[in-house]
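The values are calculated or read from the model by the stated rules, or taken from the named source; none is laboratory data. Note that the structure is a prediction, hence the values are computed from the model and not measured. Positions of Cβ are generated from backbone atoms using ideal geometry, with glycine treated the same way; all protein chains shown enter the neighbour counts. What goes into the accessible areas is simple: the full protein's heavy atoms, side chains included, and nothing from ligands, DNA or RNA. Shrake-Rupley method; radii C 1.70, N 1.55, O 1.52, S 1.80 Å.
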Amino acid sequence: MTNLYDDEKEIKDSNPISLKNLQQGSIKIWLFGFGIISLIFLISLYFSVFPWPLQLATALCVLIVCYGYSAIYRDRNHMISLVLAGVGSVLTIGFGLWLIALHDLNADLWRPLLIAGCGLLWVILGFTLRIGLLHYCGFAFWALLYAGFSGQMRPDASVLELELLWLPLCILMVWLSWLLYHRIKGVSGVYLGVGVSLWLMPEIDALWLRPDYPEWVSLVLIFKIAVGLALLFIFRKKWITWVAS
């Protein structure tokens, strides 16, 4: 029995960056940490003087390392996997905006492309790695892009038009949540959360993204929040089952 407990401790301490391994003073771990920190500072200081192919290659390598190790640690250490995925996501946006600013690219063209690319990447990775927040952020970026595009096409859209722009997407996401609950585990809660968010988007779009809308729109938003909470309460047994699956 004592040997079994010792084996379990060895398994738990197999994480190379655990506090116990750091306390033991392994020279390999400390050299590895020194190398990583030095590499981060070197990239930060000299990234702007790299030629653009090297800038792009550097950014891609960093992102591949972050997301790749996030996938590796998904089953071994879920917290490290989430942290790496979060760092990779922040760096995706950071590198994209940095490259746009360094090369004086047309922001009106490249920023929407960056948002669309980040959204697609996060939806795919969130679905594959079963990281709900990353999956949700991908859809949130697409919603932001959709709001900006519809705002340019129809800046004077009425409240009814905004409802017609967003509510079909809300229904689609809730339906996908129900469908995926019966087919794929671990993702239906994300689609339900996106659907609930899209339920409120017409009023948020009107109040925050479009000028000169009447004040009573805020009352409609409060009313829809109350209706949404009532629907969630009525169907609580079903959607809780979806989210918990």
**OP:** Have a look at region 35-147 and give its Rg and Dmax from the Cα atoms, expressed in angstrom.
**Re:** 14.7, 43
**OP:** In vacuum, with every alpha carbon of region 93-132 counted as one equal point scatterer, what does the Debye formula give for log10 I(q)/I(0) at q = 0.19, 0.23, 0.26, 0.28 Å⁻¹? Two decimals, please.
**Re:** -0.57, -0.71, -0.80, -0.86
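Where nothing but the Cβ of Lys and Arg (+1) and of Asp and Glu (-1) is charged, how large is the charge dipole of the chain around its Cα centre, in debye to the nearest 20? It would help to have the intermediate numbers written out before the result.
Details: 16 positive and 15 negative charges, 149 e Å.
Taking the Cα centre of the chain as origin, the dipole is about 720 debye.
If you stretched the chain out fully between Phe149 and Leu120, how much longer would it get, using 0.36 nm times the residue separation minus the C-alpha to C-alpha distance? Intermediate results must be reported in sequence, preceding the final value.
Values: separation 29, 0.36 × 29 = 10.44 nm, distance 1.68 nm.
Result for the pair: 8.8 nm of gain on full extension.
Please report, as a whole percent, how much of the solvent-accessible surface of region 105-245 comes from carbon and sulfur atoms (probe radius 1.4 Å).
On the way: 6440 of 8550 Å².
Carbon plus sulfur share of accessible area: 75 percent.
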**OP:** Note the angle between two axes, namely the Cα long axis of helix 188-204 and the longest principal axis of the Cα atoms of the chain, as a number of degrees from 0 to 90, rounded to the nearest 10.
**Re:** 50 degrees
Subject >> Selected from Ile40, Ile100, Ile222 as most flexible by GNM, with the chain as the system and alpha-carbon contacts under 10 Å >> reply: Ile40
Original post:
How many nm separate the modelled label positions at Leu60 and Leu102, each set 7 Å beyond the Cα in the direction of the Cβ?
Top reply: 1.5 nm
Original post:
How much area per residue is accessible in the chain when the probe is 1.4 Å and only protein heavy atoms are counted (Å²)?
Top reply: 66 Å²
Subject >> Angle between the chain longest axis and helix 78-102 axis [Cα atoms, degrees, rounded to 10] >> reply: 70 degrees
**OP:** Distance between Cα centroids, region 224-245 to region 92-131: provide it in whole Å.
**Re:** 33 Å
**OP:** Return the label of the correct value of mean projected area of the Cα convex hull in nm², as calculated from the structure shown, out of (1) 12.8; (2) 11.8; (3) 19.1.
**Re:** (3)
Subject >> Pairwise FRET efficiency - Arg76 versus Ile240, Cβ, R0 = 35 Å, nearest 0.05 >> reply: 0.75
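Over its Cα atoms, what ratio of radius of gyration to 2.2 N^0.38 Å does region 100-245 give? Each step should come with its number before you reach the end.
Details: Rg = 16.9 Å, N = 146, 2.2 N^0.38 = 14.6 Å.
Ratio of Cα Rg to 2.2 N^0.38 Å: 1.15.
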